[in-house]
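The values are calculated or read from the model by the stated rules, or taken from the named source; none is laboratory data. None of the values given here were measured: they were computed from a predicted structure. Virtual Cβ from ideal backbone geometry, glycine too; neighbours counted across all protein chains shown. The area values use the complete protein model at the heavy-atom level, side chains included, leaving out ligands, DNA and RNA. Shrake-Rupley method; radii C 1.70, N 1.55, O 1.52, S 1.80 Å.
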Amino acid sequence: MPAFKQEEYRERTARLRQQMAEQGMEALLVFNEANMNYLTGYDGYSDYVPQLALVRQDEEDPWLILREMDVACATATSYLPHSRLLNYPEKYIGSSQRTPWQPIGDMIRERTKTGHIGIELSAKNFGVKAHANLAKSLDLSKSIDADGIISKLKLVKSPAEIAYMEQSGKIVDRAMRIARLSVTLGARECDVAAAVMHALCTGTPEFPGHASRIYPTMPTGRPATAPHLKWTDASYAMNCQTNFELGAFRHRYCCALSRTVFLGEPSARSRHLHQAALDGFLAAYETMRPGLTCGDVDRAFRHTFSPRGVCKDSRIGYSLGNDWPDGGASLQDDDETVLQPNMTFHLIIGIWEKSDGYVFSETVRVARKEAKSLSSMSRDLLVNC
């Protein structure tokens, strides 16, 4: 079943078509599967093979062009009628003699006229070789770089999208509490990861969790200074920390949450990092109001955080929603995107230095007058003894 009503999908496409008209695009090739999902509901998790949504400037509904077996996934998840689901034969998959881009190009050419086609050039499944193969079947001499056009549309969430993210917030809070309780002397890191993943899948009694390609991030060390590592074969020993970065999903809508958990007494430096990160987080959080900019948020953070003697050169957040992240805006000094109600961001204070490691984050919604966190997790220093 599609996650939203047909009217919401069509409203999204209508806004996209307006943007396409302003940029002179007759059609748009959408390769990013999260963007395909945003426009149609398609939820195939099949972007390891060529696939796309074709949006025409003069048509209400997109087309989906998929691998033959994935049409069944579109039938189950997309709002589109079967007549809008196109496919190429299985014989084009896994062949060194044939490429799916040939029939895909033929199907696009049959439905476009001028060649003024927008293309998501940096999509995962559209590399240099794919571009060259598509160009053999389709004239791309007048194509237009369309990277980011849908990401900008995704910045402001609808009430239905916010509802899914709020549900994800309840799931990720529960998963983080389980993560914290699972870190005990002698526990295997893999078992802690399994407990977290179980919590993310089962969700709450009201809201089951949904699928994600993103596994829990949980680097462990004394201190933990590397981002994005998963679990290892090791068992927990005293006097270490684990930097958990988790994301829960409802119908592909994400709520992210990060906390550092200490097993044993934290050092004085670790306590200092926690307070610096928390104070900087709160300074940024309190600046996330309509009319201010992403740059204003970053500068508020730096004003509070920089005097603390801790290095952090990376950005402090990014737009989050449909998948993780959803692109469009970053919380950094040179991004002057103006904040609007129902924008949502992963506000993350991640410290990854040679001798300092710490992470603290929440997913934040810009409301009418102030910011609203989608998490109710404690902001205290988390210590297991």
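Potential lengthening of the chain between THR75 and LYS113 amounts to 10.9 nm, from the contour at 0.36 nm per residue minus the alpha-carbon distance. Using a Gaussian network model of the chain in which every pair of alpha carbons under 10 angstrom is joined by a spring, one finds that among PRO341, PRO266, PRO307 the greatest mean-square fluctuation is at PRO307. About the centre of its Cα atoms, the chain shows a dipole size close to 440 debye [charges on the beta carbon of Lys, Arg (+1) and Asp, Glu (-1) only; nearest 20 debye]. Please work out the Cα center distance from region 235-263 to region 48-63, rounded to the nearest Å. Using only Cα atoms to place each centre, the spacing works out to 37 Å.
Would you kindly state how much longer the chain becomes between GLN275 and SER122 on full extension, computed as 0.36 nm times their sequence separation minus their alpha carbon distance, in nm to one decimal?
Once the chain is fully extended between GLN275 and SER122, it gains 51.2 nm.
Counting only DSSP H runs of at least 4 residues, each contributing -39500 (n - 2.57), and dividing by the residue count of the chain, the helix-based mean residue ellipticity at 222 nm comes to -10500 deg cm²/dmol. Estimated at the nearest 10 Å², the accessible area of MET288 is 0 Å² with a 1.4 Å probe. In this view, the solvent-accessible surface of TYR215, computed with a 1.4 Å probe and all protein chains in place, comes to about 120 Å². Within the straight-line cut-off of under 17 Å between alpha carbons, the aspartates and glutamates reachable from LYS230 are GLU189, ASP191, GLU245, sequence neighbours fewer than 8 places apart in one chain being disregarded. If you sort ILE144, ILE117 by accessible surface, 1.4 Å probe, largest first, the order is ILE144, ILE117.
The accessible area of SER314, taken with all protein chains in place and a 1.4 Å probe, comes to roughly 50 Å². Distance between the 7 Å Cα→Cβ label points at ASP139 and ASP58: 1.7 nm. Overall shape of region 39-168 was characterised from the C-alpha gyration tensor. The equivalent ellipsoid obtained from it has semi-axes of 26, 19, 15 Å, in decreasing order. Relative to the longest principal axis of the Cα atoms of the chain, the long axis of helix 294-305 makes an angle of roughly 20 degrees.
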